[in-house]
Amino acid sequence: MAQKVITVLGSTGSIGEQALDVARLHGYKINALTAAQNVDKIERQAREFKPSLCAMADEEAAKELKIRLADTDIKVLSGVDGVCECAAMDMDTIVLNSLVGMAGLQPTLSAIEQGCKIALANKETLVAGGKLVMNRAKEKNVDIMPVDSEHSAIFQAMQGMNNKKELKRIILTASGGPFFGKTKDELKDVTLEQALKHPNWSMGAKITVDSASMMNKGLELIEAVWLFDVEPNNVDIVVHRQSIVHSLIEYVDNSVIAQLGVPDMRIPIQYALTYPERFVSPVKQLRLEEWKNLTFEEPDYEAFECINICRSAIEQGGLCTAAVNSANEKANELFRAGKIGFLDIARLVGEALVNSPKINDYTLADVLETDKWARAFVEERV
């Protein structure tokens, strides 16, 4: 079997580092690495994996990396164009996109244009530009493999499905984050430090805050609609605190199929890279007797309004999902900077949805313009 060749977009983040763990285990070749600003970490990765290209989204970081790698043959690029060039380097490459936020959209489209298989860990790509991405992937016959643990679970559970008509419902599981069980009133004064204490997963700050607000589950709902071509009302959410059942599907005969495993992202990362084959992984074996009890509860939609805001956005369609995504990115950033309270995130995202442009047939330029509008809209209200 030919050696797999991987490009990792966002290699210094949690998902990117775990993707490199998988590459290291199986001896995959790394074609390109990209990051935002972490020069120290990407230099270490570049020296180990010896990619042809590296790119830094930050121009100054790119200059620094270029100096540090001057003794190698690695070409260093910069900015959005540089990241996109890495994404479109070679059609025989699997592009693992673990960039955070809207930054992932344009590189995904670049990879699709080149005909690369995509392992997608950047949910915002489909939240902001789902119609553009899925239509173009279909035209170019490009496979998009889900990396999010929930969407990987759904994809795995669907392997036994003969045709789409057999699928009745998708059930996304949510850990509930650090604030599950708190009322809306109790959430008024929670701190960033508290929001970053996720009970099960080790993730970057932005994603961890999204988990605390349960915005991440709203974004995943939108992503599921695009990935699996289902209606929003066929996607339900259930809080499963243990993060052992990663998601489920229900067939028309009311049989329910679930995918289980310990909470370790290397399982879905590896499966996205090796599908349809499975290989030994470095992940701990699941022993159910060690867990004893698995619980399932309904989310508190009053305390965690972001879920229903996202559901409303995908039901309305068009640019509404791009607006709520970018509004959340800005509100999340402001909360992490101590400029707004935790509950202000949902308030600002909801207001952005109400005022968002209502355009159904949109272009990439429309999405990028909506991104700017939503961020400015949020800032104006702080």
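The values are calculated or read from the model by the stated rules, or taken from the named source; none is laboratory data. Given the structure is predicted, the values throughout are model-derived calculations rather than measurements. Side chains included, ligands, DNA and RNA excluded: accessible areas come from the protein's heavy atoms. Shrake-Rupley method; radii C 1.70, N 1.55, O 1.52, S 1.80 Å.
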Beyond a 20 Å Cα-Cα separation, which of these cross-linked pairs lie in this structure: LYS41/LYS63; LYS4/LYS50; LYS197/LYS217? none
Residue-wise HN-Hα coupling along the stretch 244-255, computed from phi with Karplus coefficients 6.51, -1.76, 1.60 (Hz; x: Gly, Pro): 9, 8, 8, 3, 9, 10, 10, 8, 5, 8, 6, 6
Quick one: Debye curve from the alpha-carbon atoms of the stretch 233-382 only, equal weights, vacuum; give me log10 I(q)/I(0) at q = 0.11, 0.13 Å⁻¹ to two decimals. -0.64, -0.84
Debye intensity ratio I(q)/I(0), log10, the stretch 44-119, q values 0.15, 0.17, 0.24 Å⁻¹ (C-alpha model): -0.50, -0.64, -1.14
Over the alpha carbons of the stretch 298-359, what is the largest minus smallest coordinate on each principal axis, giving the biggest first in Å? 33, 28, 13
Would you mind telling me the share, in percent, of accessible area of the chain contributed by carbon and sulfur at probe 1.4 angstrom? 47
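Would you mind computing Rg(Cα) / (2.2 N^0.38 Å) for the chain, counting N as its residues?
Working: Rg = 20.0 Å, N = 382, 2.2 N^0.38 = 21.1 Å.
My calculation over the Cα atoms of the chain gives 0.95.
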P(r) histogram, all alpha-carbon pairs of the stretch 158-316 included - 10 Å bins from 0, percent: 10, 35, 38, 16, 2
Counting DSSP beta bridges in the chain, what percent are antiparallel, to the nearest 5? 30
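So what's the projected area for the stretch 1-65, the Cα convex hull averaged over all directions, in nm²? Can you show the working numbers first?
On the way: hull surface 16.0 nm².
In nm², the orientation-averaged hull projection of the stretch 1-65 is 4.0.
Helices from the chain with mean Kyte-Doolittle at least 0.0 and a Cα length along the axis of 18 Å or more, per DSSP H: which? All intermediate terms of the calculation are to be shown ahead of the outcome.
Numbers: long enough: 14-26 (19 Å, 0.04); 124-140 (21 Å, -0.39); 215-228 (20 Å, 0.78); 320-336 (24 Å, -0.41); 343-355 (19 Å, 0.96); 364-380 (24 Å, -0.19).
Counting only whole DSSP H runs, the qualifying helices are 14-26, 215-228, 343-355.
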Return the Cα extents of the stretch 77-116 along principal axes one, two and three, sorted largest first, each rounded to a whole Å. 25, 18, 13
Dividing the alpha-carbon radius of gyration of the stretch 29-177 by 2.2 N^0.38 Å (N being the number of residues), what value is obtained? 1.17
Mean separation of Cα contacts under 8 Å (at least 6 apart) over the residue count of the chain, i.e. the relative contact order in percent, is 14
When only alpha-carbon atoms are used, what values of Rg and Dmax, in angstrom, describe the stretch 226-273? 12.6, 32
Using modelled backbone amide H atoms (1.01 Å from N, in-plane), which distant-in-sequence or interchain residues come within less than 5 Å of ARG241's amide H? THR295
Return one whole number: the accessible area per residue of the stretch 206-284 in Å², for a 1.4 Å probe. 35
